Each structure stands twice: as structure tokens, then as C-alpha cells.
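K.L.:
Let me begin by handing over the structure; questions about it come next.
Nothing in this text is a laboratory measurement; each read-out follows from the coordinates by a stated rule. Only a predicted model underlies this, so the values are computations on that prediction, with no experimental measurement involved. Reconstructed Cβ throughout: ideal geometry from the backbone, glycine too, with neighbour counts over all protein chains shown.
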């Protein structure tokens, strides 16, 4: 006859406790059970003890592993062998009260509830109760759609009754050979459970041992803390749940490191240097995971090695040992779920650009026809970009690829869209494709066109200056900064006002006058200066008045005559300034601009005025850090387009690495550093990080506490 509950008991090095554990199950008031004891190649007599007990009770089944699979692997074996509609679990050093299974089964209400949760006591080896843990009696039926899966109940596998099909039908199992596997599994189950009943009662007795996982500070513990989080994140992304649970996951990252920190700190009378180093690492890892997020997950092993340039073994193992978290022993794979020809959504921001009609015709002429086109008109710079990113996230289930095709962007020929689709199809890990455009204003190729897979998401912000943030992505980004033929023409025939707006908007990015020092972007200062220098050279060469207007607008921003709102086409100050200058001749503009741009020394002076003293200091710090990084960087070999080997790394690699930043906060370090270091940290944060020994600090950029999201403050 089929039992109503299958009780799973993993066995490994618990011969002192296993008989008490199994007998507590044998003596349950609820008898309609099977007891699945999984011998995970235990080197002691645990299996012999269970074999002796099995001779007394036919409900006990002893299953042997041929190789050690860890606690998670033993639980998976029990789940796969379970015959009952519900499963329970008791770790072999714990034991349970005689009425636990009866109470849990009654809590299913004749099979209605998917999960039933009871309370538990933490006890020592003498049976003394150290603490009691019991949630308020309640039920979630159904579980609300916006429910945080981490907040339903504690993540433990062992104080609950689970519907077996939650695991088997949803293909959810425990990771092998990592600590914190309960936390890596329970939230995934709760994402699929329909309802939960919390019944209370202190039925489960959790044994606290001196060698408990939570009291350890080994390399494996800190790496497995990362793996636990990464395992859940991979699952949410692959199942299309990451956007839904993104905020809950971020809170979990913060809280799990905070709680582990407190456990270690409270469990030791005196923190030795090793413990302090470990706790410091935990806090740094927490901050980097919260704020670097997908950037580090998208890095290859080679990129990780180069990013953490002192060759830290811990960091490198993040990439090397990810394979240990997969159930089948293989690294998690990104699978693109495209079973048919991809549908493309082309999204255009339109603010009156002169090339809009030409852009639409070039799209209509594309050989690839599975696309739709949506235009956002009449919105401000910030609002239009927010609308575009929200459109992508809202339609991720409808389209496979999204193109951001600005209204001043024209396809170079009819095959471009088909090439982009082929690139995504041929590379399942590609989520963000960036390609340079042939730009009329500069006469150069500049980064401009973006294509996204349907897996990307954004944290929408009101940032008005840099409105094209990189999205969160499970896979990788590819940046093509130089193309052997044109893909897109950018602003091939701008109107005079369009050119004037171009100059003012880019000048805001050059000056960054109202951004805090810590947030100033040296890369943007350099790239925008290059843009204006190229525009100047084009103006000298061609005498085209539109180029002169762009430089005049730039000067108005540099001199403070135009404010921060001129990034919008409709800004009244911008429109008025243009009306006052639209009739200037090329000769008049040349005469006006010559003192600023005519000589190398005048350009240097002008650049210093544009970026200000803080900008110059930021650029110098950035230059020094880049010089140090370059000196340490190993020489690599890459292949060029023709297949020949070439020393060094691609410009795309350099661009990606230059944007990777660790964000850490004073709360992460202040508990562990003395007064003199705190003073240096406060007064000269860049020097502090440059002198620091930890690789995350070497790569890090200091941000003040106010940058931490309000819902994550409270460290």
C-alpha cells in the first residue's frame, strides 16, 4: 500500500546520533509512512546502525550511493525514491517529537495544502533547549502573486511537509556539495507552490553542534554563500521569474550576509585575525553582489582573472568551481528558448530629427520582415528612455529581440537586420549587442546602436544625463567599436537645430558640472572631448554651419549660459539660444570659436575649463589607475576578423572592463580598521583603495553611504 508520507534521512558521519534520529521517526503517532535512509558513502557505522533498525521495522529502506553526493545529493535521491504524495526530512543528527508527522499531515487539510510548516527548537547534545522558533499560525491560500518567496517561512527543508510533485514536476532539486543548500532550494519551491499552511508547534529538534556549518569561516563557506545566491538567481532567470523576484532577491543578498556576519561575530568570544578577514570578505562580497550584480556574472574566467589582477585564488574559483552547484555535475547553461523565427520589436525615440523619414524607409526595406515598429514622440529625454525600457520589459514574452533605433539612425543596407538576428541566434549567451555607427557630425565611427534579447531588465531611474544604462542580463554583452563596413549611418543630414542640440547635450556629458565628484565619469569626459575635437576638425575642413552650431552650443554649456535642461529638445532655454544664433554665418562662428579650438594650448585650457578642477582630478586618478592596471595585465592573444593571431585584447574587452566597478561602503569596512585608516578612508578614499591589498578594493571606486538604496540601509 502506498504510504502517505515519505521521510528522508541522509546519512553521513552521524553514527553517534543516527539511532536516536531514526527511532524518533519509527515511534511517530502517525504510522502510514516510509523511512528512506540514504547512505552517502558514510565512512563510519551509520549505515550499519540503520540496517539493524531496518530489521525491526519494515518501513525503513536503506539506499546506498556509489559515490558521495553531499547532503543535497542524498536528499535528491530520497525525493526520487519517494512513493508518497508528501515528503518530510529529518537530518540524521536531529530528532523529532512523536506527534510531528501527525500534526503536519493534519495541516494539509486532506491534501489541500502544498506545504505545511511547523516550528522547531535548537537543542544541545544533552537535550537542553537553546532557543525556540515558531512562526505565527497562518495560511497563505493562495500565495499572493507579489509574495517574497524568502519571507514565507525559514528556508529549512526539515521542519516542513512538502508535496512531492513540487520537486519532481517542476524539476527542482538540491545542489550537490555546497553549504546553505536549503536556502538555494526553498525559495525556488515557494515560487511554484500554490498555498502554504503554518501550523506552529515545536516538533522538530535541531541539534547545535560545535562543528556546525554556521560557525565555520573556511574558503568553501564564503564561496558557497555566493553559490547559494547564484544558484537561485540562475533559476529565476531561466524560468522567467527574475524580474518578478528581483527586489526580493536583492533583500535576500543583503540579509543573508548580514545574518551570517552576526552569527560568526556573536559565536566567538574574541575575533581572531582570520575571522576578521573572513567577515570583511563577507561584507565586501555582499556589496559587490548587490551593486555589481550581473556584470560579474557575465564575465568569463579570463575576464575575472584580468579584473582581479593580483590573482586572488578565492575570486578565480568563483568561475572555476561553478560546476559544483549543478545537479548533473555540469555548469548551469543559458538556454535561449526560441523555438521559431525570432520576432523583433524596433523602438524609436523621436524628437523632431531630420532623418526620421529616411530611418523608417531603411527599416521598411530590410530583407528580414518579422518586425514591428513603435515610435515614442513628444516625450522628454528621461521620460522617453524610461518608456522605451519599460516597453521592452513589458513585452519580453511577445518579442525575442528589441532594437533601439534612434530617429536619426539609418540602416546602411537591407541585410543589416537579418545579420543582427543571425548573431543572436548563433550565440545563445548574447543579451546585449552594441555596434558602432558612421557618424556625420564627427566623421568617425561612434557607439550608438543597441539590440537586446528578451531576457534583459533595467532598474528605471530619473538619470537625465546618461540615459542609456547597461541592462541586467544573464548572458553577455558584445560591443563592436570598429566595423569594416557601415552598419548604420548616424545623423547623416541633421537640421541646424538638431546639430545645436547635439552640441549642448554632449557638452553636458563633458562637463558633468552638477554630478558629485564620486559619480563623475572620466570615460565620458574623454570620449565627449574626442567628439568635439572631431567636430572642430570637420568644421575647419568643410565649413558646414551645422558643425559650427554644435560647437557654439557646446561653448554655451561650458561657459554656464545653458543649464542642465538642454538635453531635452523642447527646453525653452535651448530653443531661445538657438533662435539667437541660427543666422550666424560659418565665418562668424569660425571667428568666435578659433580662440578656444585653434591651437593645442588653447584646447588644453578650454578642456580644463569644461571639466573643472574636480574633473581634472578625477581624470588624473583614472589615468593612474589605468596605468597600474595596464602594467599588471597579462599579454593575451586574440584573433582578428581574418583569423590571424594578434597580441593584446580587443577594444570591446577594454570597454567592458573599464565600466566594471566595485561599489563598497564605509559600513563594510569601518568595524575592522583603525583610526588612521578611517581618516584616510574619509579624506582620501581613492588613495585608500589604491593602497589596499584586497582585489575588490584595488578595483573599487568609493561611493558614499547615501548611494545605498533606502530599503537596504540598516547594516
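K.L.:
Mind ordering 487-498, 138-149, 234-245 by average Cβ neighbours within 10 Å, highest first?
P.N.:
Packing order, densest peptide first, comes out as 487-498, 234-245, 138-149.
K.L.:
Report, for the range 5-209, the % of DSSP beta bridges that are antiparallel, rounded to 5.
P.N.:
Taking every DSSP beta bridge within the range 5-209, about 35 percent pair in antiparallel fashion.
K.L.:
Same structure again: Rank-order 588-596, 72-80 by packing density, defined as the average count of other C-beta atoms within 10 Å over each peptide's residues, highest first.
P.N.:
My ranking of the peptides, most packed first, is 72-80, 588-596.
K.L.:
How high is the FRET efficiency from residue 390 to residue 367, r the C-beta distance, R0 22 Å, rounded to 0.05?
P.N.:
For residue 390 and residue 367, the calculated efficiency is 0.15.
K.L.:
Follow-up. Residues in the range 482-505 near a label at residue 413, defined as backbone nitrogen under 14 Å from the 7 Å Cα→Cβ point?
P.N.:
484-489
K.L.:
Another one. Using Cα centres only, tell me the gap between the range 477-513 and the range 1-60 in whole Å.
P.N.:
Between the Cα centre of the range 477-513 and that of the range 1-60, the gap is 70 Å.
K.L.:
In Å³ and rounded to a whole number, note down the convex hull volume per residue for the Cα atoms of the range 344-490.
P.N.:
Residue-normalised Cα hull volume stands at 108 Å³.
K.L.:
Report the label-to-label distance for residue 426 and residue 48 in nanometres (one decimal), using points 7 Å from each Cα along the Cα→Cβ vector.
P.N.:
6.3
K.L.:
Another question about this same structure. How big is the gap, in Å, between the Cα center of the range 522-598 and the Cα center of the range 100-157?
P.N.:
66
K.L.:
Among DSSP beta bridges whose residues both lie in the range 378-532, state the antiparallel percentage, nearest 5.
P.N.:
Looking only at bridges with both residues in the range 378-532, the antiparallel portion is about 70 percent.
K.L.:
Oh, and also: Calculated FRET efficiency, residue 85 and residue 56, Cβ-Cβ r, R0 25 Å, to nearest 0.05?
P.N.:
0.45
K.L.:
Take 566, 344 and order them by how many other Cβ atoms sit within 10 Å, fewest up front.
P.N.:
Lowest to highest Cβ neighbour count: 344, 566.
K.L.:
At R0 = 41 Å, how high is the FRET efficiency between residue 374 and residue 526 if r is their beta carbon distance? Nearest 0.05 is fine.
P.N.:
For residue 374 and residue 526, the calculated efficiency is 0.75.
K.L.:
Fewest first, what order do 450, 246 take by the number of other Cβ atoms within 10 Å?
P.N.:
Fewest-to-most Cβ neighbours within 10 Å comes out as 246, 450.
K.L.:
For 157, 174, which order do you get if you count the other beta carbons within 10 Å of each Cβ and list the fewest first?
P.N.:
Fewest to most other Cβ atoms nearby, the residues stand as 157, 174.
K.L.:
Would you kindly state how much longer the chain becomes between residue 616 and residue 602 on full extension, computed as 0.36 nm times their sequence separation minus their alpha carbon distance, in nm to one decimal?
P.N.:
Roughly 3.4 nm would be gained on extension.
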